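Notes follow once the structure below has been shown.
The values are calculated or read from the model by the stated rules, or taken from the named source; none is laboratory data. Worth saying up front: this structure is predicted, and the values here are computed from it rather than measured. Cβ atoms come from the backbone with ideal geometry, glycine included; neighbour counts cover every protein chain shown. The area values use the complete protein model at the heavy-atom level, side chains included, leaving out ligands, DNA and RNA. Shrake-Rupley method; radii C 1.70, N 1.55, O 1.52, S 1.80 Å.
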Amino acid sequence: MKNAHMKPMIRITRKVEFSAAHFYHNPRFSAEENRRIFGKCNNPHGHGHNYVLEVTIAGEPDPETGMVLDLKELKDILQREVVDRMDHRHLNYEVPELAGKIPTCENIASVIFELLEPRITQGKLYRVRLYESADLFADCTADGIGSNGKDAPGSIK
Amino acid sequence: MKVSLSRRYRFAASHRLNNPKLGAEENRRLYGKCNSPYGHGHNYVVEVTLTGPVEPSTGMIANLGELDPFVEKEVVEVFDHKYLNEEIAEFRNRVPTTENVAREIFRRLKNFPGAKLERVRIEETSKNSFEFRGNEAESVPA
């Protein structure tokens, strides 16, 4: 059987929250188009959310420690890469990684995935799930499809 | 890296699990409380997941200004405050288990224009959830 030699993989997930402001506006659209496409999210004064981020790491537990990745270490990485960058910030103006992108849930999740991926040295970043509210979330999942790590999806064109 | 967008919707409906091909006793044994003759209800949560390219000019896989009215019309208005067994044609001849409800809702949403429906996941209660991802033939975008 294919992959029969592989051990089952463990996935661990850590959750973190941050609060931030944003609005949606594409300078290439007219004011009317911006209002039509983005609706309430186009309010130039911005609005905010309590974002909830769930980060999932996949891998084999280290035989010595029994851990895929020390959750304390993951917590520190999330603090440095995400919370320190985004918490109580305005995503349109204060997060250089989002410059030139509409700060939608999809784009923020993609940016977080790209920030975290090189920092995860034990196990592999499997998924970033970002909740903008309890009823809306975006997932970025590592898989064979399109995972060349080269695209910067979401740059305004 | 694959990106998806998920949105949750709610409806409240009643149903009864009963297979007319089986006897009354067999139905009671199989479905237990869910076979209670007058039906019972749930607050269903429908989690809809779409995949597709993130459109660079909007930053979106799908615009909620289009998705929300589509799901409202195709699902919420159809299912909310209804008796699924009698009022949804699909369930006149099929037991409205949440497995079958997930499949039916997938069928109703799969032609959403502009993004691919990847998954419908239904929470029947906060303790039970059921998901359907379609099959290759069903999940090809319209």
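Here are a few things to note about the model shown:
- The convex hull built on the alpha-carbon positions of the range A:66-138 has an orientation-averaged projected area of 5.5 nm².
- Mean sequence separation of contacting Cα pairs (under 8 Å, at least six apart), scaled by the length of chain B, corresponds to a relative contact order of 28 percent.
- 222 nm mean residue ellipticity, helices alone, for chain B (DSSP H n ≥ 4; -39,500 (n - 2.57); rounded to 500): -6500 deg cm²/dmol
- Label point 7 Å beyond Cα of A:L136 along Cβ direction - residues of the range B:31-67 with amide nitrogen under 13 Å: B:59-67
- Dipole magnitude of the range A:23-75 about its Cα centre (Cβ charges: Lys, Arg +1; Asp, Glu -1), debye to nearest 20: 660 debye
- Each 10 Å bin from 0 upward holds the following percent of the Cα-Cα pairs of the protein assembly as shown: 6, 24, 28, 23, 14, 5, 0.
- Rounded to the nearest 0.05, the FRET efficiency derived from the C-beta distance between B:E77 and B:A24 at R0 = 41 Å is 0.75.
- Restriction of the trypsin sites (Lys or Arg not before Pro) in the range A:1-101 to DSSP coil positions whose beta-carbon has at most 16 other beta-carbons within 10 angstrom yields A:K2, A:R28.
- Surface listing: B:E55, B:E25, B:E118 arranged by accessible area from highest to lowest gives B:E25, B:E55, B:E118, probe 1.4 Å.
- Taking both sides together, the accessible area buried where A meets B is about 2100 Å² for a 1.4 Å probe.
- Pair A:K124, A:H47: separation of 7 Å Cα→Cβ label points (nm): 3.9 nm
- Solvent-accessible surface of protein heavy atoms, probed at 1.4 angstrom with all chains present, puts A:T56, B:T97 in the order B:T97, A:T56, largest first.
- Cα lying deepest toward the dipole's positive end in chain A, options A:A138, A:A21, A:I37, charges on Cβ: A:I37
- Whole-number Å³ per residue for the convex hull built on Cα positions in the range B:3-120: 97 Å³
- When only Cα pairs below 8 angstrom with a gap of at least 6 residues are kept, the range A:15-157 shows a relative contact order of 28 percent.
- Inter-part distance, the range A:22-60 to the range B:37-71, computed on C-alpha centroids, equals 17 Å.
- Distance between the 7 Å Cα→Cβ label points at B:N63 and B:E87: 3.2 nm.
- Percent of alpha-carbon pairs separated by more than 22 Å within chain A: 47 percent
- Ordering B:K73, B:K116, B:K33 by accessible surface, largest first, gives B:K33, B:K73, B:K116; the 1.4 Å probe counts only protein heavy atoms, with every chain in place.
- Among the GluC sites (Glu not before Pro) in the range A:35-122, those located in a DSSP loop and surrounded by at most 11 other Cβ atoms within 10 Å of their own Cβ are A:E64.
- Surface composition of the protein assembly as shown: carbon and sulfur make up 50 percent of the accessible area, probe 1.4 Å.
- Delta accessible area of at least 10 Å² on complex formation, residues of the range B:1-24, 1.4 Å probe, chain isolated as reference: B:M1, B:K2, B:V3, B:S4, B:L5, B:S6, B:R7, B:R8, B:R10
- Label-point separation, A:V16 to A:E94 (7 Å along Cα→Cβ), nm: 1.6 nm
- Looking at the protein assembly as shown, the accessible area is 54 square angstrom per residue; that uses a 1.4 Å probe and ignores ligands, DNA and RNA.
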